[in-house]
Amino acid sequence: MTNAPITSQHLQNILSRYLAMYRTKTPCYQATMLNSLGAVWKQHHKRVLDVGGGTGVMAQAMAELFPIDEVVSVDLVDRFCASLTIQTQQYDGATLPFADGTFSAATLNNVLHHVPLAARSGLLREIARVVDGPLYIKDHESVGKLDNARLTLMDAIGNIPFGGMLWARYLSRREWETLASESGYRIIARAVPLQYRRGIYALIFPNRLEITMRLEKVSP
């Protein structure tokens, strides 16, 4: 468990060292995301794999704020900030370039909805190969077409400034449970939805769309 709450000002001090935009932009959403992750965080982890790290700044923040000795972030495209102190690596999207059981935990932060449906179970099984402990997932949950439209717009707003992926397919709660099961995992904990947005923005993009879970491998 992290020493929550992580304030947006504290997180801004970290992120602004790596991305100039955060010198003026307050990362309220990102701070809430980390606090939500902290709510399901199980323990101190020696080595954490962050899959789909993008610029790498959130993995860097986790390395500085969470009970972790080391974070390694991987992604399909090398968009990592050059000044990061964590280890980063590009990979092919199919095989993680690590030996079995290299890591004690893994994270997927707003990543899985961008992965093609047919590849999601394989990705989770590949993570399970290189990770002995839990998988922490921050993502979205939809109950229908209106939610899908909301999430598509929200993703575009959040990803375009960073050159992130725009294609997405969102899951319902039942689909999340099915994906976990067919990948050899079980959803052990779900964070209570936090206040990502307020006022009119919370009406347009309800906070229930944001989910954070801890998955653990099912014993064979």
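The values are calculated or read from the model by the stated rules, or taken from the named source; none is laboratory data. Only a predicted model underlies this, so the values are computations on that prediction, with no experimental measurement involved. Virtual Cβ from ideal backbone geometry, glycine too; neighbours counted across all protein chains shown.
Things to note:
- Residue, farthest from Ala191 (Cα to Cα), within region 30-81, restricted to residues that are in contact with a Cys (Cβ under 7 Å, 6 or more places away or on another chain) and either surrounded by fewer than 21 Cβ atoms within 10 Å (Cβ to Cβ) or aliphatic (A, V, I, L, M) (or both): Thr55
- Neighbours by Cβ (under 6 Å, 6+ apart or cross-chain): first from region 41-56, farther than 20 Å from Ile14 by Cα and basic (Lys, Arg); second at pLDDT 95 or above and surrounded by fewer than 19 Cβ atoms within 10 Å (Cβ to Cβ): Lys46/Asp69; Arg47/Glu70
Here is a yes/no grid of residues against (1) assigned to a loop (DSSP other than H, G, I, E, B); (2) surrounded by fewer than 20 Cβ atoms within 10 Å (Cβ to Cβ); (3) within 17 Å of the chain's Cα centre (by Cα):
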{"site": "Gly122", "(1), (2), (3)": "no, yes, no"}
{"site": "His140", "(1), (2), (3)": "no, no, yes"}
{"site": "Val143", "(1), (2), (3)": "yes, yes, no"}
{"site": "Ala156", "(1), (2), (3)": "no, yes, yes"}
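Conditions tested, residue by residue: (1) of a type in the set (Ser, Thr, Tyr); (2) in contact with a helix residue (DSSP H, G or I) (Cβ under 6 Å, 6 or more places away or on another chain); (3) over 22 Å from Arg169 (Cβ atoms).
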{"site": "Ile86", "(1), (2), (3)": "no, yes, yes"}
{"site": "Gln89", "(1), (2), (3)": "no, no, yes"}
{"site": "Ala94", "(1), (2), (3)": "no, no, no"}
{"site": "Ser104", "(1), (2), (3)": "yes, no, yes"}
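- Number of the exception - Glu175 against (1) touching a residue at least 40 places away in the same chain (Cβ under 8 Å); (2) over 15 Å from the mean Cα position of the chain (by Cα); (3) surrounded by 15 or more Cβ atoms within 10 Å (Cβ to Cβ): (1)
- Scanning region 94-140 for residues that are farther than 20 Å from Ile68 by Cβ and of a type in the set (Ser, Thr, Tyr) yields a count of 2.
- Residues in region 178-209 that are farther than 25 Å from Leu135 by Cβ and not in a loop (DSSP other than H, G, I, E, B): 6 in all.
- For Ala39, the conditions (1) touching a helix residue (DSSP H, G or I) at 6+ places or on another chain (Cβ under 6 Å); (2) small (Gly, Ala, Ser); (3) closer than 24 Å to Glu210 by Cα all hold with the exception of (1).
- Being under 17 Å from the mean Cα position of the chain (by Cα), at negative phi and touching a residue at least 40 places away in the same chain (Cβ under 8 Å) is true of Ala59.
- Matching residues in region 178-205 - criterion: being surrounded by 15 or more Cβ atoms within 10 Å (Cβ to Cβ), touching a Lys or Arg at 6+ places or on another chain (Cβ under 8 Å), farther than 16 Å from Asn109 by Cα and modelled with pLDDT under 95: Phe205
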